[in-house]
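Working notes, structure below.
The values are calculated or read from the model by the stated rules, or taken from the named source; none is laboratory data. Since this is a predicted model, take the numbers as computed values, not measurements. A quick note on method: Cβ atoms are made from the backbone with ideal geometry, for glycine too, and the neighbour counts reach across all protein chains shown. Surface areas here come from the heavy atoms of the whole protein model, side chains and all, with no ligands, DNA or RNA. Shrake-Rupley method; radii C 1.70, N 1.55, O 1.52, S 1.80 Å.
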Amino acid sequence: MREIIAGIFICMGTIVFALSLLGIYRLKYVMNRMHAAAMGDTMGLGLVVIGLIILGHDVFHIAKYILVSSPIASHMIGKVEMLTNKDYDERVHGK
């Protein structure tokens, strides 16, 4: 029964990753792409980690799964976009 529940969580995480990938390619503005990547990464990785925690047998393995799941790439992409894009204020603030 644990394997079935864990499999459901892992499959749901994979579906979220696929939808996030679709959003990254379909959206035109960098900040929208970053949002799709960050949300998909967080939700997808969270669901996969929950599935792996259900399958986990040891406290140390479960702790490693939780510690590894921190998406910071989207923060870096957003910061680079804000610092290097000349039209950032126009797009965000409408000036």
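If you sort 61, 35 by accessible surface, 1.4 Å probe, largest first, the order is 35, 61.
Net charge of the neighbourhood of residue 38, taken over other residues with C-beta under 13 Å away and scored Lys/Arg +1, Asp/Glu -1, is 0. Highest mean packing first, where packing is the average number of other Cβ atoms within 10 Å per residue, the peptides 39-47, 5-13, 79-87 line up as 39-47, 5-13, 79-87.
Can you give the net charge of the other residues whose Cβ lies under 10 Å from the Cβ of residue 55, counting K and R as +1 and D and E as -1?
Values: positive: 2; negative: 3.
Around residue 55, the charge tally is 0.
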